[in-house]
1. Please state the charge dipole magnitude for the stretch 291-377, taken about the Cα centre, from unit charges on C-beta atoms (+1 on K and R, -1 on D and E), reported in debye and rounded to the nearest 20.
2. Given points 7 Å out from each Cα along the Cα-Cβ axis, report the Thr52 to Val528 separation in nanometres with one decimal.
3. Each residue of the stretch 295-307 in order: what ³J(HN,Hα) in whole Hz does its phi give by Karplus 6.51 cos²θ - 1.76 cosθ + 1.60, θ = phi - 60°, with x for Gly and Pro?
4. Compute the relative contact order of the stretch 23-157 as a whole-number percentage, counting only Cα pairs closer than 8 Å that sit 6 or more residues apart in sequence.
5. Please work out how much length the chain gains when fully extended from Ser418 to Gln38, using 0.36 nm per residue of separation minus the C-alpha to C-alpha distance, in nm with one decimal.
6. Karplus couplings for the stretch 311-327 from phi (6.51 cos²θ - 1.76 cosθ + 1.60, θ = phi - 60°), rounded to Hz, Gly and Pro as x?
7. Pop a pseudo-label 7 angstrom from the Cα along the beta-carbon direction at both Thr200 and Asp358 and give the gap in nm to one decimal.
8. Multiply the residue separation of Ser75 and Ser182 by 0.36 nm, subtract the distance between their alpha-carbon atoms, and state the gained length in nm to one decimal.
Amino acid sequence: MKKQVILVSVFAFLLALSMSLIFAQDATCYVAERSFCQSQSDTVIAALSDVTNAHGETASSGNYDNVLCCTFSGSLTCNNNKILGLSSTTNAHAEIPTQINYATHVCYSDLSCISTSYACGSEQVPDYPIKTLSLSSATNAHIGVPGSGSVNICCTSETLYPDLPLPNCGDGNLQLGESCDSGLADPFSGSSCGDFDAFTGGNLLCNSLCQIDTIQCTPSNPGVCGDGEVNNGETCDGAELNDLTCNDLGFPGGSLSCVNCQLDTNQCTPGAPSTNVFWSSDGISQISNIEVFVGFTKVKLVIKNLGLSQGTVIEFDIYEDDVILDDSIRTVTAVLDSQGTAIANWTITQSDLDKTLDDYAQFYFIAEGEKSNYLEMDVQDDDLSDVIICNDYNDETLCEEDPVGVAKNSVPTVIDCSDPEIQCTCMWDEDSDSCAGTFTDGIFDEFGNYSKYGTCLISEQESDPNECDDGILILTWDGVWTWASGNPEHKDPKGLALICEAGGTRSIECPAQIQLPFFGIYNIIVAVIIIILIYFILSSKKVKRELRKFIK
């Protein structure tokens, strides 16, 4: 009896499972003539003037014979289930579900829809298997059957596909069509108002549709959409994308576009890595590419918001993405701080790059099971091993970039380059046609804007007769202080102007000069002794073999 109960239970479970799978597979939407849809007792969702390059209308308008039908039941009432927007109730152009230009919405059941260039349910968008319609663009678009336009509207349903993740604005996961997500610790993936055209301060907002809003950025620009400048409330304008990419917004790749002066991420590659794990140059902002000077360039690996104890050692495993097998580069470590953040440093060496076979396009790392964004490296050929101070740079571009990080060697010892209000840099001096060290003092306001007090330009000369023979280089320097135009009162709270103009000397440590070993007299003697010992051992073995033969 017990076996029968078990068999019946198993059969019932398998039957329920198979029925749910059959139901899910049968839960489709399609475009057909209205009469056919009604004959199948399916639900009319919207209507089209043709099957491609068409105008659209709502289900109740009744002017068009071609309709979008769905085989599963549901309501046409809109409640976070928008499929697309229409410019009017009939003879309308359409737009993707995340756009808000049109007041007429087509909605159905508990669908959650995205727009994408990929086929619905494909490897790139496996969580959106339900096909609906296709649009010619993100807005002001013609409509057609799936695949007829450049943008497909793909949907999922919690009822029909309970095992698939349900997208939700604010859920902490960056989805296609979103440019931010308020559920993330950093909703903007390191971006700020300053990343959008001429804004100098203020705060970005993430609105209820998970779109970046620049309305609170400063200064206020009264321009209009289409003028080629990013104004308040805009995140782009035409081709002006502020050099932003999908990667900058937290997606691993794809094409970023601009629709109605708002960033459109629908053509970005889905499956975004966590924005809590990313590459950085400063430990704060995410980067997706870096110029590399081998042996000198450092990049930071960041993981945030870990629920682990302070002091926990975090391992960062670095790889380079390949089609068949990813290259394992190295592992670096960092200690978790009190804020749940760990930041590791990686100095990129030639041995690291040799493991990639000259493929520097897609470096990533994994920490605590989370994968970072991709980092592309632009490897430079310059030999910078002799660069000690700014004046050693012979190229203006290298001078301004300071890849070796020698600016701190070119300013007085009393200047604290780690002070965030003091900026130590290398700058190309047009008068002397050479690279010079500088330090600038200033102050940050409440919005993070930096106001300068003044800048010191340093000219330096070597005054060490021993040069680097003793491992220390002595420099003599003079400085010229220039007051910032925004500081007419000549404020100088740290007294750096006097330090600059006083001049002086400073000592810096020279790069280590490692003498490579070569054969001298002692090496020759040791080599001869080793050869004699080897000969003696081999000869002894031969004598023993001959002795055994003689005894036998």
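Read-outs throughout are calculated quantities, based only on the coordinates presented, and are distinct from any laboratory measurement. As the structure is a prediction and not an experimental result, all values here were calculated from the model. Please note: Cβ atoms are built from the backbone with ideal geometry, for glycine as well, and neighbour counts cover all protein chains shown.
1. I would put it at about 480 debye.
2. 9.0
3. x, 10, 5, 10, 10, 9, 10, 10, 10, 10, 6, 8, x
4. It rounds to 24 percent for the stretch 23-157.
5. Result: 129.5 nm gained on full extension.
6. x, 5, 7, 9, 9, 10, 8, 9, 9, 10, 5, 10, 5, 9, 9, 5, 7
7. Taking the two extended label points, one gets 4.7 nm.
8. 35.6 nm
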